[in-house]
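Okay, so here's the structure we're looking at.
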Amino acid sequence: MTNTTERTSLSTRPSDDDRRPGELNFRELLRWIWRQVTSMRTALILLLLLALAAVPGSIIPQEGVDSLKTSNWQADHPKLTPIYDRLGLFSVYDSPWFSAIYLLLMLSLVGCILPRLWHYWRGFRAQPPAAPRNLTRLPDHASYVVEGEAAAVLERAEAVLRRRRYRVSVGPDAVSAERGYLREAGNLVFHLAVVVVLVGFAMGGLLGYKGGVILLVGDSYGFSNTPDQYDDFNPGSLFDADRMEPFTFSIDDFSWDIYTDGPRAGMSRNFASRLTYRDSLDGPEKTYDLKVNHPLSIGSTEVFLIGHGYAPVITVRDGTGKKAYSLPTVFLPTDQTLQSIGVVKAPFASPTQIGLEGEFYPTVAFSKQTGSYFSTLSKPADPMISMLVYTGDLGMSDGAPQSVYALDKTKTTMLKKKNGAPFRIDLRPGETVTLPDGLGSVTFDRLEEWNKIQISQTPGKFLALGGVVLALIGLLGSLFIRPRRVWVRARREGDGTLVEVAALDRSGGGDVAAVVDDLVKALQQQPEEKQ
Amino acid sequence: MTDVQWESLSNWAVAACGVVYFLALLVHLAEWASLRKVPVAAGGAAVASVDIPGGVAVMTGPEGEQDGQVRRTEFLGRLGYLLTVLAVAVHLVSLVGRGMAANPDRVPWGNMYEFTLTGTFVVAALYVALYQRFRLAWMAPIVVAFVLSVLMVAVIWLYSPVAPLTEALSSYWLVIHVVSAIIATGAFTLGGITSALYLVKERATPRESGYVARLPKPEVLDRVSYRLHAFGFPVWTFAVLITGPIWAHQAWSSYWNWDPKEVWAFITWVVYAAYLHARTTAGWKGRNAAILALVGVATLWFNFIGINYFSTTSQHSYAGGAPALVTGESALTDSTAP
Ligand code: HEM
């Protein structure tokens, strides 16, 4: 210690050994830091920090979980948003501070395991430690006197303990035994497996992707697995599009039904999409019934059915009688009855561009209370669309990307009736409305359906799963194997033999008094079973 | 039996088991009240019996009057336990009724009411099952009072009529996932009760009589608490880190979504991992470990009930009325929500 004080003092005198003082200090500092980082207390505090750090992400909407909710929240809280944004509170689970905590925890974990692995390895063949001098000092012990020879008692003790799967070593006057070595192994397996899980989890996040596409039902529509075919596509930061599997599929048929009575009347169920797919461009055609909870696996990619809705086929003819628009138009559901909203854009109509915006009701009804339409059922018993008409510049020529589900109304005017009320077109399938002022007409031809398909590739998922299972096995070993040491000493005392038995629990959770009792009973039995 | 009959059977059984739990509670309170008259430390035998893990200190003193008193309390204790067993059986009937009332028949875990019904059942059943082994007699009034009050909360605020499961919920992974989550919740709850009593006992000044004086020694409480947690932790691991992700992967296309329920299940897991560490860390064992166990239970029950009111992004569809297929993290369907 004197050495240390000398080194840390500001003395200019060269130190006794040839090493420069700063170097040693630095190395000592490193060692000190390492010891702190890998201490149990640090692990404990890091675990608590991790738990605490996970909390904000469950309260503040997260970009990666629900981007729309996040942007709505941001619009509602203009003051907080920049602060939260700087703190990474909209993507807590990949923010630098969250990462810092779990990376430190991993460092601590590895630093903790490696030395313990080494110790375990060396201790694996070790013999049970010799009996303490005074066995009756241990909290759990028993002693009694028998007639026979001490050697016979010890021999019997050895046999009894071996039968109970103890590792036994026999000394001159005592037998030492130990069992439960696998507890430490279980603990090490558990902690190693935590690292494995994290690696698997990270692989999924970095190398994988997740994307969604809305696909119309019918074999005339199809999907092929390239990034540009997705409506939304979220690749990991090390994602490589070359690893995407070249499959294609279409939805031949989509069926579902609803509860007609009971408390969940109107709730839909039994969704099933019949897919025709090919594993690769020239592979054979196969079919699969895609259902909720039954994804389709193609290679390492999985295809899920996660949503559905309606696509009315709408035709717009312009003032010249030309078809300016004629397509199944995806409407997005807003509630359980599949009441949906959608837009139509006909930028090439003449004399003026035409935009439509409105709602679709699978089974329409009118509410006197609100003075508006609503849908009573998600099934199309009486489907209707109700839309408003916008004319003018739809803003599609300036090249800025636009959502197909929203109308840019800044340079348009809403079509009105003579009396000034909005010109509303209410159409049932097969019906046509003629627009005023020679603008053209709008037809609701028929109804189609769409499915929202989610597709994801999650490399490392089996690694992660294997890791957790391994962790659980290790955990069971670590929690339920009770390591203990047992000693039996026998020595001549007067004209009998004094036998002392003691046991020590090494896990802090066990109750070894029963072990001592059991052992004494076994020792006192006549050794007749030992043939 | 028709579905309606099953449903009314279930409702009837909930009421009946509530009454029986209440009787059990009264009997246990009478037991502890009459124990007050018997000094804990009168005579060596009594002191020794406090050391028995979980044993209610009952002394076998010389005075005849106290002898009668002791016999009475023993009788009350046994009666209370038997009533609890009976209540648990009726409680089970209410669960079965709930499951059979749905069409098609299903597990009774479709909504918060049913989860709470099942959760309290597991707490009570675990207590009954471990009563002998861990000698839990001292826990009786607390467990019964706890089960009774949570059951009342369920009936008054959480009740909802029998309804079919939303599609994403009808998977056999649901059965495995929920069974294990609820069993772990039961064990952690009992562990939390034990840890709370540990903290009380540790601070209490040694007194002559009363409930606290008759609790087992702090070391014993600590050990019982550890064993309950050691049982609960692997089961919880299995529930939230194995079957939960497998099910999520099948239903929502990715095994971990950082959904609020998942986040809180993870927080609970990490807190209990910290508890297990704390028990072996100098300066943290004992008191701090017990406090961590209480934090763990708090996060567990917050997740179970509180998060449903706190956050609306949860995909766990029983938490709200999310439509069956329009649920999920599809930004698309959410985006159109009014
Ligand atoms: C992600 C981080 C960690 C998690 C989730 C974790 C979890 C656990 C759990 C659940 C236990 C109790 C079960 C058992 O005995 O195996 C445990 C025990 C243990 N952990 Fe960790 N741990 C982590 C990090 C660490 C670190 C960094 C260290 C080293 C300082 C460490 C050292 C230990 C030790 C020595 C035990 C055994 C305690 C005993 O003998 O009962 N752990 N850990």
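Each reported figure results from applying straightforward, stated rules to the coordinates on display, with no laboratory input. What you are looking at is a predicted structure, and each value in this text was computed from that prediction instead of being measured. Because the Cβ atoms are built from the backbone with ideal geometry, glycine has one as well, and the counts that use them run over all protein chains shown.
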Check: Residue farthest toward the positive end of the dipole of the protein assembly as shown, with Cβ of Lys/Arg at +1 and Asp/Glu at -1: which of B:Ala24, A:Pro129, A:Tyr373?
Finding: A:Pro129
Item checked: Spin-label zone in segment A:363-395 - amide nitrogen under 20 Å from a point set 7 Å from the Cα of A:Ala75 along the C-beta vector -> A:388, A:395
Notebook entry, point to check: Normalised by the residues of segment A:361-481, what does the relative contact order come to in percent, with Cα pairs under 8 Å and at least six apart?
Noted result: 16
Notebook entry, point to check: Arranged by the count of other C-beta atoms within 10 angstrom, fewest first, what order do A:Cys112, B:Cys17 take?
Noted result: A:Cys112, B:Cys17
Item checked: Degrees, to the nearest 10: A:40-54 long Cα axis against longest axis of chain A -> 10
Check: For segment B:124-266, what relative contact order do you get, as a whole percent, if you take Cα pairs closer than 8 Å and at least 6 residues apart?
Finding: 27
Notebook entry, point to check: Taking the Cα centre of chain A as the origin and placing charges on Cβ (Lys, Arg +1; Asp, Glu -1), which of A:Phe271, A:Val520, A:Thr329 is farthest toward the positive end of the dipole?
Noted result: A:Val520
Notebook entry, point to check: How crowded by other chains is B:261-271, given as the mean number of beta carbons from other chains within 10 Å of each beta carbon?
Noted result: 4
Item checked: Karplus 3J(HN,Hα) series, Hz, for segment A:202-208 with 6.51 cos²θ - 1.76 cosθ + 1.60 (x for Gly, Pro) -> 5, 4, x, x, 8, 9, x
Next item on the list: Determine the shape class of segment A:153-273: with a ≥ b ≥ c the square roots of the Cα gyration tensor eigenvalues, call it rounded for a/c under 1.5, and otherwise prolate if a/b is greater than b/c, oblate otherwise.
Entry: prolate
Check: Where a ≥ b ≥ c are the square roots of the eigenvalues of the C-alpha gyration tensor, would you call chain A rounded, which needs a/c under 1.5, or, failing that, prolate if a/b is larger than b/c, or oblate?
Finding: prolate
Check: Which of B:Gly191, A:Val488, A:Pro312 sits closest to the plus end of the dipole of the protein assembly as shown, meaning its Cα is farthest towards the positive end, when Lys and Arg get +1 and Asp and Glu get -1 on the C-beta?
Finding: A:Val488
Notebook entry, point to check: Other chains' Cβ within 10 Å of B:218-225 residues: what's the mean?
Noted result: 1
Check: How large is ³J(HN,Hα) for each residue in segment B:124-129, as worked out from phi by the Karplus curve 6.51 cos²θ - 1.76 cosθ + 1.60 (θ = phi - 60°), to whole Hz, x for Gly and Pro?
Finding: 5, 5, 5, 4, 4, 6
Check: What order do you get for A:His77, B:His91 when you list them from fewest to most C-beta neighbours inside 10 Å?
Finding: A:His77, B:His91
Item checked: 0 to 90° range, to nearest 10: angle between helix A:96-123 axis and chain A longest Cα axis -> 30
Note to self: How large is the convex hull of the C-alpha atoms of segment A:431-531 per residue, in Å³?
What the structure shows: 322
Check: On average, how many beta carbons from a partner chain sit within 10 Å of the beta carbon of a residue in A:266-278?
Finding: 2
Next item on the list: For segment A:252-407, just say rounded, prolate or oblate: build the C-alpha gyration tensor, square-root its eigenvalues into a ≥ b ≥ c, call rounded for a/c under 1.5, and beyond that prolate if a/b exceeds b/c, oblate if not.
Entry: oblate
Note to self: Which log10 I(q)/I(0) values does segment B:76-148 give at q = 0.13, 0.21, 0.28 Å⁻¹ under the Debye formula, counting every alpha carbon as one identical point scatterer?
What the structure shows: -0.41, -0.87, -1.28
Check: What does a probe at A:Asn234 reach in segment A:39-81, counting residues whose amide N is under 19 Å from the point 7 Å along Cα→Cβ?
Finding: A:54-75
Checklist line | Links that overshoot a 26 Å alpha carbon limit, given the list A:Lys345/A:Lys452; A:Lys291/A:Lys379; A:Lys345/A:Lys368; A:Lys69/A:Lys416 | finding: A:Lys345/A:Lys368; A:Lys69/A:Lys416
Note to self: Pairs of alpha-carbon atoms within less than 8 angstrom and 6+ residues apart define the contacts here; what relative contact order does chain A have, in percent?
What the structure shows: 18
Next item on the list: Give, as ranges by residue number, the residues of segment A:133-161 whose backbone N falls under 18 Å from the point 7 Å along Cα→Cβ of A:Leu498.
Entry: A:133-154
Notebook entry, point to check: What list do you get for A:Ser169, A:Ser372 if you sort them by fewest beta carbons within 10 Å?
Noted result: A:Ser372, A:Ser169
Check: Considering only segment A:292-395, what is the antiparallel percent among its DSSP beta bridges, to the nearest 5?
Finding: 95
